[in-house]
Amino acid sequence: MAEYILESANGEKWEVICGLEIHCQIISKSKIFSSASTKFGEDANECVSFVDVAMPGMLPVLNMECVKQAVKTGLGLNAKINKYSQFSRKNYFYPDLPQGYQITQEKHPIIGEGKVFVDLSDGSVKEIGIERIHIEQDTGKSIHDIDPSRSFIDYNRAGVGLMEIVTKPDFRSPEEAGGFLRKLRSIVRYLGTCDGNMDEGSLRCDASVSIRKVGETGFRPRCEIKNVNSVKFAMQAIEAEAKRQLEIYENGGSFEQESRQFDPTTGTTKYMRKKEYAHEYRQFPDPDLPPLVLTDEFIEEVRNELVELPDAKKKRYVENMGLTAYDASVICENKEVAEFFEEASLGHDAKKVANWLMGDFFAMLNKKGVDIKNSPVSAKNLGKLVELISKDVISGKIAKDVFEIMVNTGDDPEKIVEEKGLKQVTDTSAIEAIVDEIIANNPDNVASYKAGKNNLLGWFVGQVMKQSQGKANPGVVNKLLKEKLD
Ligand code: MN
């Protein structure tokens, strides 16, 4: 992987150090400490229980489904599952946090160290360390834009279960961070533990960014960019923040740790607030919740529910199906795409299927603005189309026309080829007749070719193909032309 290095005006080389904190909303019917629904998009305050708004005397009860989802995520991120974990109260005041504290995990998180393998665009893989994952409750939402003089609060989100995934400061470029976010999103979607929709806020990312001179050890102050809501913005935010810090150092300045916000319209980060320090939260173990102790049986039960994850799929596609590492990682990123690919390539040339999938097929989906689940071309039919090419029944060129018809009609390619008479002509005598005709009708070009203009062969091939309406087998055409002209 090419290094990502910033250069200051005086030619010094600087590197970026970045770590991410990601809040993932846990997929679960009810909230982490109450039985209220977690459904997204309901009317304001429709999904709120007494526990969620901290009515006196209400006690939180841990939802084991959220625990299971966190353990599943930990296993999916190759992480250590802590059999003992503990909930604590993180004290701070916020109107959308009626308890006056957030129930979270501080000293004893449910998941310990893990690792994620990030696929980069040049086909290389970078390992990123996971520091920990803890589970906690989400806050409500303050709404400031529906009334000029008042603010409103929607508590539907208050108490929804979150997994906070903290990485080690292992990122050295925006691309690595972007690749990690895509990989993480892909893994939680495969696992079914978070829907990964960044635009709906179910996966939110904070990025800690600092820079240092190449060769320097230790870390300089960092700034945290809060709540970035797309992969693209995360990458832009890291780059913009690194450049801002470089400019400060270039001018002999310094800065303190602070929280910042990325503004996509200007492509810059702006000051939000001074960074809070951990001791300001006065965390202590929550007396309402006993420590969480997991048994080996529970963990094994969750492990048994794991599906094949992107890394394992990628390995299988490369080793058993002949795909390149890059193609395999693109196809594996999305579970539906991987399933479509596997169905399409069943019994057919997988590499050719992958080429079609990533070329004409993805282009078609893009153009139509539909996702793969609603594709007009079924996986089976795409596989059949590739088979028709592999068996020389149709040429690659005709296949593009057939594909176009498949998109419009959803028809079986065999039926289309049969009905439209598109079968490739491999019968030598039929092709020979056309070859003879073209040669007879173009004496000037024949003379030029014989005089050494070898590239005219392509022109002859084109003429024969045209005359045969694209159905002549190009291999046979080439061979016959050469025999007759040379
Ligand atoms: Mn958190």
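Residue by residue, here is whether (1) touching a strand residue (DSSP E or B) at 6+ places or on another chain (Cβ under 8 Å); (2) away from the ligand (no atom under 15 Å from the Cβ); (3) of a type in the set (A, V, I, L, M) holds:
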| position | (1), (2), (3) |
| --- | --- |
| ASN82 | yes, yes, no |
| GLN102 | yes, no, no |
| LYS115 | yes, yes, no |
| ASP122 | no, yes, no |
### Message
Tally up the residues in region 65-85 that are touching a helix residue (DSSP H, G or I) at 6+ places or on another chain (Cβ under 9 Å) and farther than 17 Å from GLU131 by Cα, please.
### Response
3
### Query
So which of CYS205, CYS194 ends up being assigned to a loop (DSSP other than H, G, I, E, B) and within 16 Å of the ligand (Cβ to nearest atom)?
CYS194
### Query
Of all residues in region 139-163, which are out of contact with any Gly (no Cβ under 7 Å at 6 or more places or on another chain), under 20 Å from GLU42 (Cβ atoms) and within 16 Å of the ligand (Cβ to nearest atom)?
THR139, GLY140, LYS141, GLY159, VAL160, GLY161, LEU162
### Matching residues in region 199-222 - criterion: being surrounded by 18 or more Cβ atoms within 10 Å (Cβ to Cβ) and either farther than 18 Å from LYS275 by Cα or in contact with a helix residue (DSSP H, G or I) (Cβ under 6 Å, 6 or more places away or on another chain) (or both)
SER202, LEU203, ARG204, CYS205, ALA207, VAL209, ILE211
### Query
Do we find a residue being under 19 Å from PHE284 (Cβ atoms) and either among the polar types (S, T, N, Q) or in a loop (DSSP other than H, G, I, E, B) (or both) anywhere in region 10-31?
no
## Note on the structure
Okay, strands (runs of 3 or more DSSP E) sitting entirely in region 76-138 with 3 or more residues that are in the same structural domain as LEU59 (by TED's automatic domain parsing), of a type outside the set (A, V, I, L, M, F, W, C) and open to solvent by less than 20 Å² (accessible area, probe 1.4 Å), I get 125-137
### Message
Which count do you get for residues in region 32-48 that are open to solvent by less than 30 Å² (accessible area, probe 1.4 Å) and within 11 Å of ASN156 (Cβ to Cβ)?
### Response
2
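The values are calculated or read from the model by the stated rules, or taken from the named source; none is laboratory data. Treat the numbers as computed from the prediction; the structure is a model and nothing was measured. Cβ: placed from backbone, ideal geometry, glycine included. Neighbour counts: every protein chain shown. Heavy atoms of the whole protein, side chains included, go into the accessibility calculation; ligands, DNA and RNA do not. Shrake-Rupley method; radii C 1.70, N 1.55, O 1.52, S 1.80 Å.
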